[in-house]
1. Restricting to region 87-112, and then to whatever is among the polar types (S, T, N, Q) and farther than 22 Å from G313 by Cα, can you tell me which residue is farthest from the ligand (Cβ to nearest atom)?
2. Using beta carbons and a limit of 6 Å, which pairs, at least six apart or on different chains, have the first residue in region 21-43 and under 18 Å from L283 (Cβ atoms) and the second one of a type in the set (F, W, Y) and modelled with pLDDT under 95?
3. Taking the condition surrounded by fewer than 21 Cβ atoms within 10 Å (Cβ to Cβ), within 12 Å of the ligand (Cβ to nearest atom) and under 25 Å from S337 (Cβ atoms), does T115 pass?
4. Inside region 113-212, counting only strands (runs of 3 or more DSSP E) that do not spill past its ends, which hold 2 or more residues that are of a type in the set (S, T, N, Q)?
5. Could you tell me which of the residues D285, D253 is acidic (D, E), under 21 Å from V104 (Cα atoms) and modelled with pLDDT of 90 or more?
6. So which residues in region 101-112 are crowded, with 24+ Cβ neighbours inside 10 Å and either in a strand (DSSP E or B) or out of contact with any strand residue (DSSP E or B) (no Cβ under 8 Å at 6 or more places or on another chain) (or both)?
7. When you go through V92, V26 one by one, which is the residue that is assigned to a helix (DSSP H, G or I), within 29 Å of S311 (Cα to Cα) and touching a helix residue (DSSP H, G or I) at 6+ places or on another chain (Cβ under 9 Å)?
8. What single numbered condition from (1) more than 19 Å from the chain's Cα centre (by Cα); (2) open to solvent by 20 Å² or more (accessible area, probe 1.4 Å) fails to hold for R128?
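The values are calculated or read from the model by the stated rules, or taken from the named source; none is laboratory data. Quick caveat, the model's predicted, so the values are computed rather than measured. All Cβ positions, even for glycine, are placed from backbone atoms using ideal geometry, and neighbour counts span all protein chains on display. The area values use the complete protein model at the heavy-atom level, side chains included, leaving out ligands, DNA and RNA. Shrake-Rupley method; radii C 1.70, N 1.55, O 1.52, S 1.80 Å.
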Amino acid sequence: NRCHLECSKRRRLYNEVIELKGNIRVFCRCRPLNDEEIAKGSTSVVDFYSAKENELKIKGSNSSEKRFKFDHIFRPEDNQEAVFAQTSPLVVSVLDGFNMCIFVYGQTGTGKTFTMEGTAENRGVNYRTLEELFTVSDKRSDIMRFQLYVSMLEVYNEKIKDLLVEDSNQPAKKLEIKQSAEGTQEVPGLSQVPVYKTDEVWELLKSGSRVRSVGSTNANELSSRSHCLLRVTVLGENLVNGLRTRSHLWLIDLAGSERLGKIQVEGERLKESQFINKSLSALGDVISALASKTAHIPYRNSKLTHILQSSLGGDCNTIMFVQISPSSEDLGETICSLNFASRVRGIEHGPAHKQV
Ligand code: ADP
């Protein structure tokens, strides 16, 4: 029947793509030089000499250069549509029951929030993903019924905060990760909002971002030191054979990866920077353990990796955006971010197969 044909066609297509490239993609996005940098006379250190081959060169001082290769490279002039065009083919795999994670990694100010959240005029991956999921689920409505839910949480200093609360003036509930009877990681008590159409999603995502900044004197500063996780849960029911799927798509704006200068690091900032380093390096460790197919994957070394345990590795798809600044002043951080992303790119876990 048609349903069966469609499902097996899609499965074949995924398997071909996955076998060809593995199920992790690393995209690099470079923001434009900003007005302040231009006024100061900063120059770009990024040479997109071979962007078609997805390679770039970073020009260091004393005419040294380093080359990096990724699955896709976005130049400063590439817009949000261009970014989403590369992302959407994998995103819809969540409707077929695959789990997926999308991360943005990089120094503060390189455009992580711009890529994920975007602005009202230039909406980012989060909104576009939900829009795409609504469109594709509508197209499949004769054979599949889908229900989408959205949750939003923040991980700051290894504490989890629910961002979709009705009353943001109430003290944050303490949330913990628990393992369900099926062995998946759950966060009991986390709000889960059913969503039905695109119009309501933008406001919902905005309200989550507002709650994130409550109680902080400098919203930008706090957001650069915490991880923001948007979770889309998809429940699917095949109307022909009654099979049900439940899958999660995580869209994650990571804390800024910059190293703090020695002078700044004391007291509260020291604790924060240790937590950030711990969770970002735990993420790198988990991914490289998956790549080398080690028996023990150290998911539990941070809240971030522990929550994502069921959505990283196995038959899950992953996209990491490494965000960079073109400015000569950020050269050191840019190299660090590109090195981290290159390490992540080494991963290839087995081909994805999932019955729907
Ligand atoms: P981060 O989340 O990494 O700290 P932001 O997303 O806040 O960085 O970006 C810093 C500034 O740069 C913002 O004003 C944002 O609008 C701008 N920006 C980032 N990336 C781009 C881009 N690709 N095109 C235009 N402006 C950008």
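1. Q107
2. If the second residue must be of a type in the set (F, W, Y) and modelled with pLDDT under 95, the pairs left are V26/F70; C28/F70.
3. Answer is no for this residue.
4. Where strands (runs of 3 or more DSSP E) fall fully within region 113-212 and carry at least 2 residues being of a type in the set (S, T, N, Q), they are 144-156.
5. Result: D253 is the single residue among D285, D253 that is acidic (D, E), under 21 Å from V104 (Cα atoms) and modelled with pLDDT of 90 or more.
6. I102, F103, V104, Y105, G106
7. Values: V26 fails: assigned to a helix (DSSP H, G or I).
Going through V92, V26 in turn, the sole match is V92.
8. That leaves (1) as the condition not met.
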